[in-house]
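The values are calculated or read from the model by the stated rules, or taken from the named source; none is laboratory data. Because the structure is a prediction, the values reported are computed rather than measured. For neighbour counting, all protein chains shown are included, and Cβ atoms are generated from backbone atoms with ideal geometry for every residue, glycine included.
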Amino acid sequence: MVTFEDYERHLHARHLVPQTVRHTMRNLRAFMQWRGDDDWRGVTLDDLTGWHDALSRDGTSANTRCRKVWDVKRFMKWLHQHRAILVNPAANLQPLHKSKPLPRGVLTPSQINTLILAPSTATPEGLRDRAIFELLYSSGLRAGELCKLTLYDLDAPKRIVCIKQGKGRKDRLVPVGHVALEWLALYIKDARPQFAAKARPGFAATRLFLTAHGAELTPQRLLVIVRRHARQAQLPASTTPHSLRHACATGMLRGGASIRHVQEMLGHTSILTTQIYTHVVKDDLKRIHKQTAPSERRTKTDAPAFTFTNWRPRKQKRPRKTRG
C-alpha cells in the first residue's frame, strides 16, 4: 500500500529543495486533518473545493490557497498513476489562478541610497553590512543565495559570482559591479578575519559572510540586519533584503536592459515572474512610450490633415406611423 513516506521519497527523488518537500507534506497532512479521515480513497472533488473555501474563510491568501490545493491535486494524480486509487477526484478541478500583486517593499532610488549608506563603515559589522548591501544592489541575489556564498565563489578578476544550487537547484553566474567589488575587498581584508578568529574550534569558516561571533550568516539574521538599518534610516517597515534585489532589477530596466537579460540575471524560470518583480513606475513608462512608440516617432507631415468643413450630422429617421 502506498504511504506518505513513499510520496516523500518520490519528491526527494525529483531533487526538490528540502524546504519544498517539507511544505508539501505539511499541506497534505493539514488537508487530511481537516477532512477527518485517513483514507485517501474516499477523497472527492467536493472535499478539495470545500477545503479551498475553508482556507478562504480563515483569511489565507489566494496564493497560499492555490499552493495548498495544488499540492493535494498533484498527490492525488500520483496516487492514480500508481493505481492506489481507481479515479482521480482532482482531474476535473478547475485551475486556480494566482493573484499577481505588485512587489512589497519597493523603495525609491533615494531610499535605496539611504539604506546603503546607513551602516557605519568604522566598525567591522558596519563594513560587512555595507558590503552586503552593495552586493545585493549590484547583482540582485536572493537572501539565501548570498548567505551560501563562499570565498571561492567570488571571482574578482572576472567580476562575477557563482551561485551554486540556487532556487530550483540551479547554478548560474552573476556579474558584480566594480563598486561592490571594492567594498567586498575591504570587508575580506579588514573585517572578515576578525569574525573568523572568533569561530568555534574545528569550524571551517569558508562562508563569505559571517556573523560577529564567527558563525554562518543565515537569511533570518540577514533580515534582522536589513530591518535594523532601515529603521534607523526611517525607511518603511516592509524593507527586506528582497527590496535591494527588486531595486537592482528595476534599475536595470530603467537603464535600458532587456527583460530577458534581467530574467537570466535574477535566475527566474519564467519571464512572467520577472515582469512582476521588475515593476516600472508610470513616469518611466510614459517616457519610454514617448521615445519608442511608432506613433510618437512620426513627423507631423506623416499625419494627414483632416478637415470637417463638409461634415453634417446625419438626420434621424422619423418613426413610421402605424395604421390603427
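When restricted to residues that are crowded, with 19+ Cβ neighbours inside 10 Å and in contact (Cβ under 8 Å) with a residue 24 or more places away in the chain, the range 263-275 contains 4.
The residue pairs whose first member lies in the range 226-255 and is surrounded by fewer than 17 Cβ atoms within 10 Å (Cβ to Cβ), whose second member is modelled with pLDDT of 90 or more and not in a helix (DSSP H, G or I), and whose beta carbons are closer than 7 Å, counting only pairs six or more residues apart or on different chains, are Arg227/Thr239; Gln232/Ala118; Ala233/Ala118.
State yes or no: is Lys77 charged (D, E, K, R), crowded, with 18+ Cβ neighbours inside 10 Å and out of contact with any Ser or Thr (no Cβ under 7 Å at 6 or more places or on another chain)?
Judged against the criteria, Lys77 is not a match.
Tell me which residues, restricted to the range 79-106, are at pLDDT 85 or above, in contact with a helix residue (DSSP H, G or I) (Cβ under 7 Å, 6 or more places away or on another chain), among the hydrophobic types (A, V, I, L, M, F, W, C) and part of a loop (DSSP other than H, G, I, E, B). Hits for the range 79-106 are Ile85, Ala90.
Could you please let me know if Thr64 is part of a helix (DSSP H, G or I), polar (S, T, N, Q), within 22 Å of the chain's Cα centre (by Cα) and at pLDDT below 90?
Taking the combined requirement at face value, the residue satisfies it.
Restrict the check to the range 32-47 and report whether at least one residue is modelled with pLDDT of 90 or more, surrounded by 11 or more Cβ atoms within 10 Å (Cβ to Cβ), among the aromatic types (Phe, Trp, Tyr) and closer than 16 Å to Trp78 by Cα. Within the range 32-47 (the criterion being modelled with pLDDT of 90 or more, surrounded by 11 or more Cβ atoms within 10 Å (Cβ to Cβ), among the aromatic types (Phe, Trp, Tyr) and closer than 16 Å to Trp78 by Cα), the answer is no, since none of the residues qualifies. In this structure, Asn63 does not qualify as touching a His at 6+ places or on another chain (Cβ under 6 Å) and not assigned by TED's automatic domain parsing to the domain that holds Glu134. Would you call Arg9 surrounded by 11 or more Cβ atoms within 10 Å (Cβ to Cβ) and touching a residue at least 24 places away in the same chain (Cβ under 8 Å)? Spelling it out, it is not the case that Arg9 is surrounded by 11 or more Cβ atoms within 10 Å (Cβ to Cβ) and touching a residue at least 24 places away in the same chain (Cβ under 8 Å).
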